[in-house]
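The values are calculated or read from the model by the stated rules, or taken from the named source; none is laboratory data. This is a predicted model, so every value here is computed, not measured. Glycine gets a Cβ as well: all are built from the backbone with ideal geometry, and neighbour counts include every protein chain shown.
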Amino acid sequence: MPLPLYQLDVPSDAWVTSMDDYRERYEKSIEKPHQFWAEVGRKFHWEKEFKEDEVLRYNFDIRKGPVFIKWFENAETNIAYNALDRNVKEGLGDKIAYLW
């Protein structure tokens, strides 16, 4: 019998609200990675928007050329803006932005 997981009080607005929700998102990330990561990408501010066909490109087969992974190719964002400024503009300036 598997050990029970510790139950946390998950906020209703959390991106992942349960273990079932996590599993569903994980499956989508494996089965439809382009769609999954495009959905994640839409949650961020972009200086230069990404194109749907440039969300994810990769090659893991050395017979087909160099191994590479490219995410949101040709798009530009600002991580500091997404972590701080965007949240202040959304009225969350009094909340913790980043906790290490």
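What about Ala97, is it free of Cβ contacts under 8 Å to residues at least 24 places away in the same chain, closer than 25 Å to Asp13 by Cβ and not in a loop (DSSP other than H, G, I, E, B)? Please lay out each step first, then the result.
Details: free of Cβ contacts under 8 Å to residues at least 24 places away in the same chain: yes; closer than 25 Å to Asp13 by Cβ: yes; not in a loop (DSSP other than H, G, I, E, B): no.
Here the answer is no, as Ala97 does not meet what is asked.
From the list Glu90, Glu54, exactly one residue is modelled with pLDDT of 95 or more and closer than 18 Å to Lys43 by Cα. Which is it?
From the options Glu90, Glu54, the qualifying one is Glu54.
Name the residue, out of Asp85, Asp61, that is surrounded by 10 or more Cβ atoms within 10 Å (Cβ to Cβ), of a type in the set (Asp, Glu) and either over 17 Å from the mean Cα position of the chain (by Cα) or under 26 Å from Val16 (Cβ atoms) (or both). If you could, list the steps in order and put the result at the bottom.
Values: Asp61 fails: surrounded by 10 or more Cβ atoms within 10 Å (Cβ to Cβ).
Of Asp85, Asp61, the one residue that is surrounded by 10 or more Cβ atoms within 10 Å (Cβ to Cβ), of a type in the set (Asp, Glu) and either over 17 Å from the mean Cα position of the chain (by Cα) or under 26 Å from Val16 (Cβ atoms) (or both) is Asp85.
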